Amino acid sequence: MAVGTPPRYRILFVDDEPRVLSGLRRMLRPLRHRWDMTFVDSPVEALKRVIAEPFDVIVADMKMPKLTGARLLEEIKKRRPETTRIILSGETEREHILGALGTVHQFLAKPCDTETVRKTIERAHRLRERLQSPRLAGLLGSIDSLPSPPAHFTDLVAALEAPDTDVDVVCDKLCRDPALVARVLRLVNSALFGLRQEVTDLRRAVTLLGFDVVRSLAVSTKVLANYRELPVDAIDFESAWEHAIDVANRAKRLAVARAAPEAVVQQAFLGGLLHDTGKLAFAVGLGPRYAEVLALARTESCRLDEAERRLLGADHAEIGGCLLALWSLPDSIVDVVSHHHHPQPLADGEHFEAAVCVHAANILSHLETEPAATPRGLVTASEWSHLEAVGLAEEVRTAMAPAAASGATARGAQQGQGN
């Protein structure tokens, strides 16, 4: 390798059928100058290779003897959590997919064309380059599910099992659980369904999956969310869920009031619902360490994203966007989540309007629910300009006026979770 040349992306392909493996090798031959590819026909041998040396991506067939693809990736997750894990699955194996959601990052349908493989792996590569920190990559790779509010589980399952339930009723109950919404969008946008367009409308997602699949997702999410003790000191999960729902509804109203296209309205709503995904990921993955971040934001009255960057090297918006991208959620939602504090990088793109609506909704929600906890610099000068551009600045200024007065006399009451 020449001096200064970055290392090539290392990918391991695993399939027990020599014919399939040979086809993959032949199909991907044009990419050999960009990727360092290894092909093995045994999951046991693949595990030995991964233990011996790291790979950036593992692509494994679902059905293999001795060790299924899902079991192989589960073992790899324990040893190399930073590795992106992808399953190749056939139509008849869909019943096994739900059980593998906690282990597998992305799914590819068999047979799979070169372009789909390339796009999937290169998206994972861009994600790794964004993160840079191996520690943060390992953190994201180790997270299989976000916590869900248990109180709504029974109501949702009852609605899904009722013979005359309308899809809108199901969506209304589903929206109370941001973690489950993420799993629904993750599954419906996976390559298994072969859809030509990304699905960012929750109603369409539920219709495409069907009530039985959504119910199975709800049950598996509940199990995953309760399989370990969550670090209570790190974050108030109930408040986080309530805030996510509030921001989603506010963002949707702002988009509707501006006569935004329906696609933007849906992006604003779902982006608002998932905007603090990174905060939950940090709390689940870091526990006490994240409690230190919250304490820093509280004692120094600074923005939470600033405290996160100082102590962790990345903020919850960036981490949330990366996690949702790793789970193959649509780029529109990933962009909104990644930039819900600083939408200006999207100013020339198609996702800017939804991102600004979520940005404003987030500010308004914090001002209304915790005015005394409003940190210094809640809105930066550049952010004001973008709020002005879409006609939301005056509403935010009006909401900030009483909050500023209240905050001046009650800074000691800060909760440290705002922003």
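Only one entry in ALA218, ALA158, ALA234, ALA179 is modelled with pLDDT under 90 and either acidic (Asp, Glu) or in the same structural domain as ALA291 (by TED's automatic domain parsing) (or both), namely ALA234.
Within region 136-143, the presence of a residue that is among the hydrophobic types (A, V, I, L, M, F, W, C), surrounded by fewer than 15 Cβ atoms within 10 Å (Cβ to Cβ) and either touching a Gly at 6+ places or on another chain (Cβ under 7 Å) or not in a loop (DSSP other than H, G, I, E, B) (or both) is excluded.
Each row is one residue, and each column tells you yes or no for (1) crowded, with 24+ Cβ neighbours inside 10 Å; (2) among the charged types (D, E, K, R); (3) modelled with pLDDT under 95.
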{"residue": "ARG250", "(1), (2), (3)": "no, yes, yes"}
{"residue": "LEU254", "(1), (2), (3)": "yes, no, yes"}
{"residue": "ALA257", "(1), (2), (3)": "no, no, yes"}
{"residue": "GLU262", "(1), (2), (3)": "no, yes, yes"}
{"residue": "PHE269", "(1), (2), (3)": "yes, no, no"}
{"residue": "HIS275", "(1), (2), (3)": "yes, no, no"}
{"residue": "LEU280", "(1), (2), (3)": "yes, no, yes"}
{"residue": "VAL284", "(1), (2), (3)": "no, no, yes"}
{"residue": "PRO288", "(1), (2), (3)": "no, no, yes"}
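Applying the condition of being of a type in the set (Gly, Ala, Ser) and within 22 Å of ASP144 (Cα to Cα) to region 162-199 and asking which residue is surrounded by the most Cβ atoms within 10 Å (Cβ to Cβ) yields ALA182. If you check SER133, SER148 for being in contact (Cβ under 8 Å) with a residue 12 or more places away in the chain and surrounded by 19 or more Cβ atoms within 10 Å (Cβ to Cβ), only one passes: SER148.
How many of the residues in region 243-261 are in a helix (DSSP H, G or I) and either basic (Lys, Arg) or in contact (Cβ under 8 Å) with a residue 12 or more places away in the chain (or both)? Can you show your working first?
Of all residues in region 243-261, those in a helix (DSSP H, G or I) come to 243-257.
If we keep only those that are either basic (Lys, Arg) or in contact (Cβ under 8 Å) with a residue 12 or more places away in the chain (or both) too, we end up with 243-255.
So the count comes out to 13.
Considered as a group, the residues in region 375-399 that are outside any helix (DSSP H, G or I) and modelled with pLDDT of 75 or more include one that is nearest to the chain's Cα centre (by Cα), and that residue is LEU392. Checked against the criteria, ALA281 does not count as in the same structural domain as ALA361 (by TED's automatic domain parsing), more than 25 Å from SER332 (Cα to Cα) and part of a helix (DSSP H, G or I).
Here is a yes/no grid of residues against (1) in the same structural domain as LYS48 (by TED's automatic domain parsing); (2) modelled with pLDDT under 80; (3) of a type in the set (A, V, I, L, M, F, W, C):
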{"site": "ILE76", "(1), (2), (3)": "yes, no, yes"}
{"site": "PRO81", "(1), (2), (3)": "yes, no, no"}
{"site": "LEU98", "(1), (2), (3)": "yes, yes, yes"}
{"site": "LEU101", "(1), (2), (3)": "yes, yes, yes"}
{"site": "GLN132", "(1), (2), (3)": "yes, yes, no"}
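Taken over region 151-167, residues that are free of Cβ contacts under 8 Å to residues at least 12 places away in the same chain and of a type in the set (S, T, N, Q) amount to 1.
Counting only helices (runs of 4 or more DSSP H) wholly contained in region 147-218, the ones carrying 2 or more residues that are touching a Phe, Trp or Tyr at 6+ places or on another chain (Cβ under 7 Å) occupy 178-188. The C-beta contact set for region 30-52 (first residue more than 12 Å from ARG10 (Cα to Cα), second residue surrounded by fewer than 14 Cβ atoms within 10 Å (Cβ to Cβ), distance under 7 angstrom, 6+ apart or interchain) comprises ASP41/PRO18; PRO43/LYS66; VAL44/LYS66; ILE51/ARG79. A single member of ALA317, ALA361, ALA307, ALA372 is in contact with a Gly (Cβ under 9 Å, 6 or more places away or on another chain), among the hydrophobic types (A, V, I, L, M, F, W, C), part of a helix (DSSP H, G or I) and modelled with pLDDT under 85, and it is ALA372.
The values are calculated or read from the model by the stated rules, or taken from the named source; none is laboratory data. Note that the structure is predicted; figures quoted are calculated from it, not measured. Heads up, the Cβs are rebuilt from the backbone with ideal geometry, glycines too, and the neighbour counts pull from every protein chain shown.
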